[in-house]
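Input: a single structure, listed below in structure tokens.
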Amino acid sequence: MSDPLLQPRPEGLYCPAGEFFIDPMLPVARAVVTHAHGDHARSGSGRYQVAAAGIGLMRERLGQDALIDAHDYGETFRMGEVEVSLHPAGHVLGSAQVRMAYDGRVVVVSGDYKRDPDPTCVPFEPVPCDVFVTESTFGLPVYRWPPMAQVIDELLAWWDDCAQKQIPGVLFCYALGKAQRILAELAPRTERTVHLHGAMLRLVESYREAGVRMVPTEPVSDSARGRDFAGELILAPPSAAGSPWMKRFSKASTGFASGWMQIRGNRRRRGYDRGFVVSDHADWPGLIRSVEDSRASRIYVTHGDGDTLIRHLRDLGHDAQSLRVLRSTDNESGG
Amino acid sequence: MHRFAALYAELDRTASTLAKREAIAGYLRDAPAGDAAWAVYVLGGGKLRRLATSTELRQALAASTGYADWLIDESYEQVGDLAETIALMLPEGDGSLADEPLQTWMEQKLPALAKLESADRIAQLQAWWRALRPAQVFLLNKLITGSLRVGVSHRLVVQAIAQWSGQPTDLISHRMSGPWKPAADALIALTHAAGDDEHLADRPYPFFLASPLEHEVETLGDVAEWMAEWKWDGIRAQLMRRDGHVGLWSRGEERLDGRFPEIEGAAAALKSDGVIDGEILAWDAQEKLPRPFTALQKRIGKLKPGAKLLASAPVCFMAYDLLEHNGSDLREQPLRERRDMLAALIDGVDPALMLSPPVVADSWATLTVERQKSRQRQTEGLMLKRLDSPYRVGRKRGDWWKWKVDPYTLDAVLLYAQPGHGRRSGLFTDYTFGVWDGDTLVPVAKAYSGLDDKEIGQLDRWIRAHTTDRFGPVRAVEATHVFELAFEAVQLSTRHKSGVATRFPRILRWRTDKGIADADKLDDLRRLASG
Ligand SMILES: [Zn+2]
Ligand SMILES: [Zn+2]
């Protein structure tokens, strides 16, 4: 494909007319970064354009010395001959869709996004365009997210159950975005303190600094050695499961918060006691709705196995194509 | 049915035996008796016959969602379970049928579904789905397709009923042996307090099961306090004659009546009534030896065997124990007395009814020598029974030991299958088997060989139709089939999730006569490994 606004390259998605990459995997001169997840924000590039709302997280990720220009949502800036603006994607704090206008055409790269309400970030904003690039992490009609209030009900019931049994409840969830969303959703419902794995501390702090209201938190490492954490809720990244860190929670009930938990087989196979359906990606109706909202005449599907979504969009009469962009194993935002 | 759907979800989500028992007991407490009786039926593995085909379910789903067939297929590929795929894809229903009792579904609505013409059945399914929440849709679909597997053991259901009703577990267990009639009066009868004249005319007693001997035989003390007999390898059963009526029950609590007329004939010829515990064996009268299990399998499947089969595959009942005589329960009497009465009862009645001969030895050393002859006698080893022991319920350790000759054997449930290579590539021939750890089945052995081509083909087709999950080439299957495995040794292992590793496991045979509740327990393997 030889689009002046969009070209897949080994480094990532390239915009020839603007001479920049979106979420490059390798160091490049000029990068526009949609959000701070590790598979999108890579350090080592010359100069970065990001959304102002996520500047704190980006500094965490890209390093304090990185050259970063922050832009308000909707503000237009020039890259080469292209007019660029960033628009809320509703994925995590500071996540953005990239709108590119050139020669009378508009292309929107939506990055990772979701349509469900999330108290930790500005909701997704539909941006009309000619070409819409969408992810398809959950590109099957079996993925439909339950209302978050219902999931929080289940989570609180599980927490109470752990309290009654005098055991800790360890909830595994991704450290950036998912953890803060859960802490924020809990805030209007409880005042109880949640304990955090070390990998989450600075990220939670960044969210607090950005003004996101969450329940009180405390590092696990602040507790005395012998503490049994009976009846306490602990948040930890999935990588902590099965690690020596878990030894002090030997009797714990374990849970996992992820969109993949929608499927019973996944819940059983993962070996956690409980699965909670929480995702920072769009579900199937969210994907379809976003494509419709874009009113684009061409749809590119990226990120994940998008063949099902493409075929379905074609059935619906859209011109949908696959856009293969390499991503490392998605170990931070996957689900 | 919302209540039962919630119970199912709770049982599905928790791995804790205690939590499962609490959940079942809680359900029994809250549900109307008619519903609770059906719940006991379903929890015990009872099924309705298949009421709609998967094609009809797919057609109904396509009509309800407007999704293309290929999209439904791809979703099903991903989820691996049609009932769940449907529940996940449908628009959420309004719940207006959620309060309809389980009993009404089981006794009226579902049987009526089967009688409809296909097109009406599809329309009916759609109407029900519109009126139910996703968890209820899932349960309904499972009931309709006869594929509901709850994953609780019979024992756990018995314990939950005992907890709810406040009656002793043994009493409930006894009353529940035999087929369960899902009706309110049966549930009430099950849980009333025991009367002295409790009449259990058509029910077998719960079987007493031996545990594997893991220590030196000398640790059992004085050999004179023990009776040894061969560990015969057939179908464990109870042969009963009460008020002149003869019945034959397998350990799986299945009625075998009609299948073994020569044994029933022998019971009819008894001088008095009684309930005998023993083993059905295919018997070679000339050699005075059992014939291979496959000979017995010919008979198991045959409800009314013809004269030709009776002549070519004769059977006998090898009697171990006498549990009841002329209506009085002997189970609390010591074994030595029960054996004497047994010998007197069956002496000279009929060659098809034999007393399992004691293996007499004056020391453990002589007995150890005798045990070496087990294979020649076509047996699996020796049984050691304390002469003072009562006839207990279930697998209680201490009084009855099975002292098998090597290799060790174990009854395990098929959990996963994977295609083989070479001659059998494309067929599922590499199997993983599991045993019970509490109420979950944990994998303990992988085995490849041991089945014949016909069995492999049969199993292959079954696996394809009953896959619950896929991991690359590996398929998880519904826990249904029990296999007897032999292995050389078992060791403790931290690398295995089960904590044990079996050495050189192989399949001895497919135990079509056993249900998954009969599979062995991980604790026994662990003990074997550490002992
Ligand atoms: Zn991503
Ligand atoms: Zn992301």
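Just so it is clear, none of the values below were taken in a lab; they were calculated from the coordinates. Note that this is a predicted model, so its numbers are computed, not measured. Glycine also receives a Cβ, built like all others from the backbone with ideal geometry; neighbour counts cover every protein chain displayed.
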Binned at 10 Å starting from 0, the alpha-carbon pair-distance distribution of region B:2-145 in whole percents comes out as 11, 41, 35, 12, 1
DSSP-loop GluC sites (Glu not before Pro) across region B:286-332, with at most 11 other Cβ within 10 angstrom: B:GLU287, B:GLU332
Helix-derived [θ] at 222 nm for chain A: sum -39500 (n - 2.57) over DSSP H runs of at least 4, divide by residue count, nearest 500? -6500 deg cm²/dmol
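Compactness ratio of region B:297-453: Cα Rg over 2.2 N^0.38 Å, N = residue count? The partial results should precede the final answer.
Values: Rg = 20.8 Å, N = 157, 2.2 N^0.38 = 15.0 Å.
After normalising by residue count via 2.2 N^0.38 Å, the value is 1.38.
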Distance between the C-alpha centers of region B:48-84 and region B:341-364? Whole Å please. 58
Here the Kirkwood hydrodynamic radius of the protein assembly as shown, Cα-based and in Å, equals 31.2
Angle between chain B longest axis and helix B:33-43 axis [Cα atoms, degrees, rounded to 10]: 70
Here the FRET efficiency for A:ALA149 versus A:SER250, based on Cβ atoms and R0 = 41 Å and rounded to 0.05, is 0.80
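For peptide A:308-317, how many partner chain Cβ atoms fall within 10 Å of a residue's Cβ, on average? Intermediate results must be reported in sequence, preceding the final value.
On the way: counts 6, 0, 0, 4, 5, 0, 0, 4, 0, 0.
Whole-number average of other-chain Cβ neighbours for A:308-317 is 2.
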Less than 20 Å apart at the alpha-carbon level, and either on another chain or at least 8 residues along: which lysines does that give for A:LYS178? A:LYS114
The answer for the per residue Cα convex hull volume of region A:1-112, in Å³, is 86
Based on alpha-carbon centroids, what's the gap between region A:93-110 and region B:470-505 in Å, whole number please? 53
All alpha-carbon distances of region A:43-195, grouped into 10 Å bins from 0, give the whole-percent distribution 9, 31, 30, 19, 8, 2, 0
Could you quote the convex hull projected area for region B:408-530, Cα atoms only and averaged over all directions, in nm²? 7.3
Cα principal axis extents for chain B, largest first, Å: 78, 60, 49
Taking loop as defined by DSSP and a crowding limit of 13 other beta carbons within 10 Å, which trypsin sites (Lys or Arg not before Pro) in region B:216-301 fit? B:LYS271, B:LYS288
In degrees, nearest 10, the alpha-carbon axis of helix A:148-165 is tilted away from the dominant principal axis of the alpha carbons of chain A by 20
Can you pull the mean other chain C-beta count within 10 Å for peptide B:68-79? 4
Residues A:HIS40, A:HIS318, sorted so that the one with the fewest Cβ neighbours within 10 Å comes first: A:HIS318, A:HIS40
Dipole of chain A, positive direction: furthest Cα of A:TYR102, A:MET246, A:CYS15, with charges on the beta-carbon: A:MET246
A chain fully extended from B:ASP222 to B:ARG495 at 0.36 nm per residue, minus the present Cα-Cα distance, gains in nm 94.3 nm
Rounded to the nearest 500, what is the 222 nm mean residue ellipticity of chain B from helices alone, with -39500 (n - 2.57) per DSSP H run of 4+ residues and division by all residues? -10500 deg cm²/dmol
Quantify how strongly other chains surround peptide A:262-269 by giving the mean number of their Cβ atoms within 10 Å of each of its Cβ atoms. 6
Separation of the A:ARG9 and B:ARG461 label points, Cα + 7 Å toward Cβ, nm: 5.9
Mind checking the angle between helix B:134-144 and chain B's longest principal axis? C-alpha axes, 0 to 90 degrees, to the nearest 10. 50
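Can you give the FRET efficiency to the nearest 0.05 for B:GLU92 and A:GLU19, using r as the Cβ-Cβ distance and R₀ = 51 Å? Walk me through the numbers on the way to the answer.
Values: r = 48 Å, r/R0 = 0.95.
Working from the Cβ atoms, E equals 0.60.
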Cα-based reach from B:LYS47 at 13 Å (exclusive), listing aspartates and glutamates while leaving out same-chain residues under 8 positions away: B:GLU107
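Checking the a/c ratio against 1.5 first, then a/b against b/c, what shape does the Cα gyration tensor give for region A:148-276? Kindly include the intermediate steps, with their values, before the conclusion.
Numbers: a/c = 1.32, a/b = 1.08, b/c = 1.23.
Taking the square roots of the gyration eigenvalues as a ≥ b ≥ c, region A:148-276 is rounded.
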Taking a ≥ b ≥ c as the square roots of the Cα gyration tensor eigenvalues, with a/c under 1.5 meaning rounded and otherwise prolate when a/b beats b/c, else oblate, which class fits region B:211-404? oblate
